[in-house]
Amino acid sequence: MRRLLARARSWAAALRRRPGRHSARHLAAQRAALPEPEPVSPWSRPWTSPSAEDVRAIFRDEWTLSLPAPQRERVWAAAFAELGVDYDHPAEPLASLVTPVRAAA
């Protein structure tokens with residue numbers, strides 16, 4: 001019986017030595033074990049947007065400039081889509097493309 005009590009006491013003492021999973025000591029040890037991430041510079045990855053020359057060529061195309069404004073916007077959007085860029089900033093206000101219609105009551 002003494003041996004059983006001694007074993008239980010040593011087991012309980014061993015449990016007290018280790019911090020619990022939700023204790024402040026355990027959480028601090030876990031945070032200290034994680035490596036600090038290195039800051040990533042935006043200049044370390046390659047340039048993914050179109051170059052200024054490509055954009056100027058799209059906007060200064062003579063054939064496109066001769067088109068009416070709604071068609072010109074569509075051509076610009078298609079040219080940017082070929083480059084993989086979402087062109088969602090029309091130069092013409094959208095109100096000029098939409099005509100108000102009265103609904104019959």
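The values are calculated or read from the model by the stated rules, or taken from the named source; none is laboratory data. For clarity, every value in this text was computed on a predicted model and none was experimentally measured. Surface areas here come from the heavy atoms of the whole protein model, side chains and all, with no ligands, DNA or RNA. Shrake-Rupley method; radii C 1.70, N 1.55, O 1.52, S 1.80 Å.
Taking the criterion of being at pLDDT below 85 and either open to solvent by 80 Å² or more (accessible area, probe 1.4 Å) or in a helix (DSSP H, G or I) (or both), would at least one residue in region 74-84 satisfy it? Give the derivation first.
Restricting attention to region 74-84, the residues satisfying the condition of being at pLDDT below 85 are none.
No: zero hits.
Considering only residues that are polar (S, T, N, Q) and not in a helix (DSSP H, G or I), look in region 36-73 and name the one that is modelled with the lowest pLDDT.
48
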